[in-house]
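First up is the structure itself, then whatever we jot down about it.
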Amino acid sequence: MAGKKLDNFTTNWFIEKGYTYDAQTSSWKPPLIKKGFIGEKKGFRQKDNTDVIKKPQIVVGDVKLTDSTSISLPQHSVLVIDGLIAGLNGSKGLMRSHWSNTKKQKELYQTIILQHLKEGKVRNHIGEVTVEYIGYKNRFMDWDNFCSSFKHIGDALVKMKIIADDSPRIVTQFIPNQIKVKQIEQKVVIIIKDK
C-alpha cells in the first residue's frame, strides 16, 4: 500500500474499520486496542510496541458473534452422549450392575454434562420441564428397557443442577423415541425444554 494512491472506496473502507493514515510512511495504521474492550484480543506488535486490535470473533454453531451481538442462554438444552447406553439387561445392565460400575457411569455422565455446560449446549432449568430422550440405535430396545437407560443420566442431570429433580412433579413429560442408525452412529440425545 505504501506509495500507492488509493481510490475513495478503499480509503472509506480503511476509515470505517478505524485505521488512520500516516502521511510520513504513506501507509494505513490499524486501530489500537482500547482498554476495557469487551472480547479484547491482543494482536501482533507493531514497531512502536503497541498492540493492534484483531476483531474479536466468536462462533456459536453457525452464527458469528461480534462485540455488538447480545448473547442469551439457549431455550432448550441439548445433551449428546455417544455410544450405547446400558438398559436393564446384560452384565452391565441396571438389574445386574455392581454399585461401583453404577458410580462410574454416573460420574461419566456428570463429566459429559459438565463439558456440555462449558460449551453452552445445556443450561440450568428452573421449574417444570419436558424431556425428549432419543436413542439412535442399531437394534431397537424394548420400551421399558430403553426408558430405564435414562436412570443414571437423569440422576446426573439432577446432580449437576440441570434440572431440579427427575420426579414427575418437575419432568412433566418424558418422551422416548428410537431411530435406526448404523452401529458406529449410535448415541443418545436428550432435549430439555422449559414448560
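The values are calculated or read from the model by the stated rules, or taken from the named source; none is laboratory data. Owing to the predicted nature of the structure, the values given are computational and were not obtained by experimental measurement. For neighbour counting, all protein chains shown are included, and Cβ atoms are generated from backbone atoms with ideal geometry for every residue, glycine included.
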Residue satisfying condition, being more than 13 Å from Ile81 (Cβ to Cβ) and small (Gly, Ala, Ser), within set Gly135, Gly127: Gly127
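This table checks each residue for (1) aromatic (Phe, Trp, Tyr); (2) more than 23 Å from the chain's Cα centre (by Cα); (3) at pLDDT 95 or above.
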| residue | (1), (2), (3) |
| --- | --- |
| Leu117 | no, no, no |
| Asn138 | no, yes, no |
| Phe146 | yes, yes, no |
| His152 | no, no, no |
| Ala156 | no, no, no |
